[in-house]
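J.: Here it is: the structure, laid out below.
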Amino acid sequence: MKLIRLIAVLALLLSALFPSTGHAQDTAIQIPLWSNGAPGSESRRNEPEEAKDYWVKNIHNPSITVYLPPKNKATGAAVVIFPGGGHRLLVFNAEGRDPARFLNSIGVAAFIVKYRLFREDSTIYTFEKTTRQDAYRAMRLVRSRAAEWGIDTGRIGTMGFSAGGEVADILAYTPGLGDPAAPDPVDRLNGRPNFQILVYPGPLGVPAVIPPDAPPTFLIAANDDPCCAVPVVSLLERYRAANVPVEAHILNGGKHGFNMGYRSDLKEVRIWPQLMANWLSDMKLLEAGKK
């Protein structure tokens with residue numbers, strides 16, 4: 001009996017010292033982008049995904065996974081997240097779940113997109129058509145349910161890592177206006193983001209010229225990244241030429257795939273999410289009613 005009481009007391013002490021964070025992933029739900037299957041993939045929508053360790057692939061029924069912040073923290077801002085993985089798989093945990101948790105901690109709703117992978121199954125999928133369909137549908141689906149999820153439709157951004165940055169670029173630099181005659185009301189909505197966060201983005205989708213109505217953008221990559229420091233520098237130069245708000249960080253080290261930074265030994269890499277949070281705050285995106 002004394003042992004049981006001791007265990008109970010220890011449990012109470014631990015709960016006081018390490019309270020539950022209430023992460024939204026405990027109740028996260030996955031919602032298909034199309035209820036009857038994605039265009040061209042309807043017959044494969046019931047194929048199970050393959051998931052192991054940090055990745056997910058074999059995605060034929062694209063979806064969003066919803067992570068909502070606690071109501072007492074919610075700011076009304078939202079971010080649609082595109083994980084990377086070279087279009088062969090999705091780094092779902094480190095470039096989807098983990099950024100979603102961080103965004104929830106600062107009051108931002110997050111939606112992780114599982115999009116079809118054109119380099120995994122190039123016989124039926126393409127970047128220009130299939131990836132574009134999934135990206136626009138994800139943004140429009142989130143907008144269509146904004147009231148339900150407590151989101152301000154004027155403060156919905158995107159976040160892309162590596163290949164996911166290429167997916168985010170699709171939305172940022174094309175008009176994205178919905179089809180007013182579309183049978184599905186979701187497809188009538190605007191698919192462009194109000195802001196953009198690109199983390200070591202790949203080169204696909206980088207335009208030769210940034211349009212003057214491009215979304216304000218936060219850029220970050222490591223100088224020793226062999227593939228994706230160059231797109232960040234190129235985007236920075238083109239944003240400046242277009243006089244569109246942009247903030248860019250080139251870290252001295254970190255290479256490619258530093259994710260949310262927590263596994264790195266470099267302090268500059270470990271603290272980068274706070275730089276992003278500062279930018280969101282400075283852009284007034286975390287203030288209710290600000291657009």
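The values are calculated or read from the model by the stated rules, or taken from the named source; none is laboratory data. Bear in mind that the values here come from a model prediction, so they are computed numbers and not experimental data. For neighbour counting, all protein chains shown are included, and Cβ atoms are generated from backbone atoms with ideal geometry for every residue, glycine included.
J.: Is the range 65-77 home to any residue that is buried (at least 23 other Cβ atoms within 10 Å of the Cβ) and closer than 27 Å to Pro203 by Cβ?
T.: No, the conditions are met nowhere in the range 65-77.
J.: While we're here: Mind telling me which of the residues Pro226, Pro216 ends up being at pLDDT 95 or above, surrounded by fewer than 21 Cβ atoms within 10 Å (Cβ to Cβ) and under 17 Å from Gly165 (Cα atoms)?
T.: On the way: Pro226 fails: at pLDDT 95 or above.
None of the other options fit; the residue is Pro216.
J.: Another question about this same structure. Which of (1) in contact (Cβ under 8 Å) with a residue 12 or more places away in the chain; (2) assigned to a loop (DSSP other than H, G, I, E, B); (3) more than 24 Å from Thr126 (Cβ to Cβ) does Ala181 not meet, given it meets every other one?
T.: The single condition Ala181 does not satisfy is (1).
J.: I want to confirm something. Restricting to the range 126-151 and keeping residues that are without any contact (Cβ under 8 Å) to a residue 60 or more places away in the chain and not in a helix (DSSP H, G or I), which single residue is farthest from the chain's Cα centre (by Cα)?
T.: Within the range 126-151, the match that is farthest from the chain's Cα centre (by Cα) is Thr126.
J.: Output the residues belonging to the range 141-165 that are surrounded by fewer than 24 Cβ atoms within 10 Å (Cβ to Cβ) and among the charged types (D, E, K, R).
T.: Arg143, Arg145, Glu148, Asp152
Yes/no matrix, rows are residues, columns are (1) closer than 23 Å to Gly257 by Cα; (2) at pLDDT 95 or above; (3) surrounded by fewer than 23 Cβ atoms within 10 Å (Cβ to Cβ); (4) of a type outside the set (Ser, Thr, Tyr):
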{"site": "Leu13", "(1), (2), (3), (4)": "no, no, yes, yes"}
{"site": "Ser43", "(1), (2), (3), (4)": "no, no, yes, no"}
{"site": "Asn58", "(1), (2), (3), (4)": "yes, yes, yes, yes"}
{"site": "Asn93", "(1), (2), (3), (4)": "yes, yes, yes, yes"}
{"site": "Pro99", "(1), (2), (3), (4)": "yes, yes, no, yes"}
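J.: Could you list, ordered by first residue, the pairs with Cβ atoms under 7 Å in which the first is in the range 111-125 and in contact (Cβ under 8 Å) with a residue 60 or more places away in the chain and in a strand (DSSP E or B) and the second is crowded, with 19+ Cβ neighbours inside 10 Å and hydroxyl-bearing (Ser, Thr, Tyr), at least 6 apart or interchain?
T.: Note: pairs meeting the criteria are Lys114/Ser63.
J.: Got a sec? Which of Asp121, Asp134 is buried (at least 20 other Cβ atoms within 10 Å of the Cβ) and more than 22 Å from Leu286 (Cα to Cα)?
T.: Working: Asp121 fails: buried (at least 20 other Cβ atoms within 10 Å of the Cβ).
When all the criteria are applied, what remains is Asp134.
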